[in-house]
Every structure is written in structure tokens, then in C-alpha cells.
Amino acid sequence: MNADMDFDYPPADPLAVCKSWLDEAETLGLINPLACSLATIDPEGRPSSRTVLLKALDEQGAVFYTNRLSRKGKALQTNPWASMLFYWDMLARQILIEGRVSEVSDEESDAYFATRPRGSQIGAWASRQSEPVADRAALNKAVAEIEQRFEGREVTRPPHWGGYRLSLDRIEFWQGLLDRLHDRIEYVATDHGTWDIQRLNP
Ligand SMILES: Cc1cc2nc3c(=O)[nH]c(=O)nc-3n(C[C@H](O)[C@H](O)[C@H](O)COP(=O)(O)O)c2cc1C
């Protein structure tokens with residue numbers, strides 16, 4: 001779907017729209033066009049959010065990678081419901097994906113981890129993500145220790161690091177238009193593998 005096309009006739013397949021919008025965002029020259037806000041719910045029912053990068057998207061869901069012992073990882077452990085919100089100011093567009101996360105397989109996480117720069121691989125071991133760290137020196141020390149441990153060999157994926165796949169239960173597209181009369185089209189997945197599609201008031 002191109003920028004000037006509206007949703008008078010919403011396409012049947014929201015995944016195709018997602019891919020098209022993401023592709024278009026990638027042409028803008030942004031540093032992180034696939035960054036999104038991931039919202040989770042902690043065991044007390046409180047929401048929190050943070051930015052993550054989308055690494056894969058297909059019928060099975062939207063994939064991001066992280067430390068599973070992080071704050072978000074712990075939240076997802078007890079409450080797998082989450083959302084990913086993308087926003088591109090330059091396109092006046094927003095995509096909201098809501099669903100349930102499942103862990104990406106070890107094989108898939110290994111394959112992605114192997115593509116990361118060595119420095120990021122070392123960092124994944126050295127950083128106890130979301131835990132307090134005394135100071136920068138303590139973090140540097142942890143990095144040095146991991147570098148030593150893997151000296152001269154490939155850095156394997158830490159067992160606590162991997163992907164999550166958010167199922168595509170609900171997808172909402174928002175296209176900014178004149179006079180705040182924006183397009184908002186909601187797709188809700190049915191149990192029969194189809195989509196309920198409706199327009200929402202802006
Ligand atoms: C542009 C951008 C991209 C990021 N991508 C990721 C990511 O893909 N995975 C990740 O774990 N953290 C990523 N982060 C860091 C997270 O926003 C967050 O600080 C970290 O994951 C800890 O979150 P938590 O304490 O809520 O678990 C990114 C931050 C920014 C600003």
C-alpha cells in the first residue's frame with residue numbers, strides 16, 4: 001500500500017500491509033526504522049514499556065530478541081500478553097500489534113545470535129540486563145572477563161538470551177490524515193484463521 005492510498009477498501013491481509021509499511025519505513029534513512037515500544041504487564045498487573053527492534057515478521061508473529069532474565073523477560077514469564085507499537089513521524093503512521101508471546105526456538109535464537117557483531121555477543125553475556133551494576137568499571141570488568149573466556153573462539157548464545165514471538169491477535173493501522181480524521185483500521189484474528197476487519201473512529 002502506498003502513502004497516498006487510503007483505507008476505503010481495507011486489504012484482506014494485514015500482514016501484507018504491515019510488511020509494506022515496514023518496507024516503506026526502511027526507505028526513510030532512519031537509524032532504527034524497525035524500533036517499537038514493547039509493552040508488558042508485571043506480576044502485580046502494572047504495565048511497563050521499552051524500545052526493542054523487530055527482527056522477523058510472518059504469519060506466526062513478530063519477533064524480537066532480549067535477555068529473558070530482564071525486567072521484560074520476567075514480566076513475560078508470568079504474563080505472556082504484550083503489544084508492540086511502531087510509530088513513524090515522517091509517514092504519519094502507527095502500527096499496534098497485540099498478542100501473546102512464545103519463546104523462539106533455540107535453533108532460531110542461535111541462528112540470529114550468530115549474525116550479531118562479536119561485541120554485541122560479548123555484551124549479551126556481560127550484561128545482567130535490568131539488574132543494578134555498581135558502576136561503569138564493573139560493567140567493563142564483566143566484559144573483559146567474557147572476552148577472556150571466549151578468546152580465540154566463537155561466542156555461543158547465553159542460555160538466558162533469546163527471542164520472543166508475539167502472535168498477531170490484533171493489528172491496528174493508524175494513518176494520519178487531515179483535520180485529525182485519521183484512518184484507523186482494526187484487524188482481529190478469528191478462531192477460523194480469518195480476520196474481522198473494522199474501521200474505528202479516529
Ligand atoms: C532503539 C533501541 C533499540 C533497542 N532494542 C532492544 C532490543 O532489541 N532488545 C533489548 O533487549 N533491548 C533493546 N533496547 C533496550 C531496551 O529499550 C531496554 O532498555 C532494555 O531491553 C531493558 O528493558 P527492561 O528492563 O524493561 O527489560 C533498545 C533500546 C533502543 C533505544
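All of the numbers you see were taken from the coordinates with simple rules; none came from a lab. Being a predicted model, the structure only gives us computed values, none of them experimental. Positions of Cβ are backbone-derived with ideal geometry, glycine not excepted, and every protein chain shown enters the neighbour counts.
Okay, here's what the table says:
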read-out	value
Extension gain, S105 back to W81 (0.36 nm per residue minus Cα-Cα distance, nm)	6.8 nm
Qualifying GluC sites (Glu not before Pro) for segment 58-144 [loop in DSSP, other Cβ within 10 Å: at most 13]	E59
Fluctuation leader among A189, A137, A16 - the chain, Gaussian network, Cα springs under 10 angstrom	A137
Order of E172, E145 - criterion: other Cβ atoms within 10 Å of each residue's Cβ, fewest first	E145, E172
Spatially proximal aspartates and glutamates relative to K72 (Cα-Cα < 14 Å; intrachain offsets below 8 disregarded)	D42, E44, E103, E131
Segment 29-147: relative contact order as a whole-number percent, Cα under 8 Å and 6+ apart	21
Pairwise label distance in nanometres, A56 with V143, each label 7 Å out on the Cα-Cβ vector	2.9
Most mobile listed residue (G73, G119, G152) in the chain, GNM with C-alpha springs under 10 Å	G152
Length-normalised contact order of the chain in % [C-alpha pairs under 8 Å, at least 6 apart]	22
Nitroxide proxy distance, nm - points 7 Å out along Cα→Cβ at Y9 and I31	4.2
Kirkwood hydrodynamic radius (C-alpha pairs) into Stokes-Einstein, the chain, 4 °C and 1.567 mPa s, D in µm²/s	69
Helix 106-115 vs. the chain, principal-axis angle (Cα, 0 to 90°, nearest 10)	80
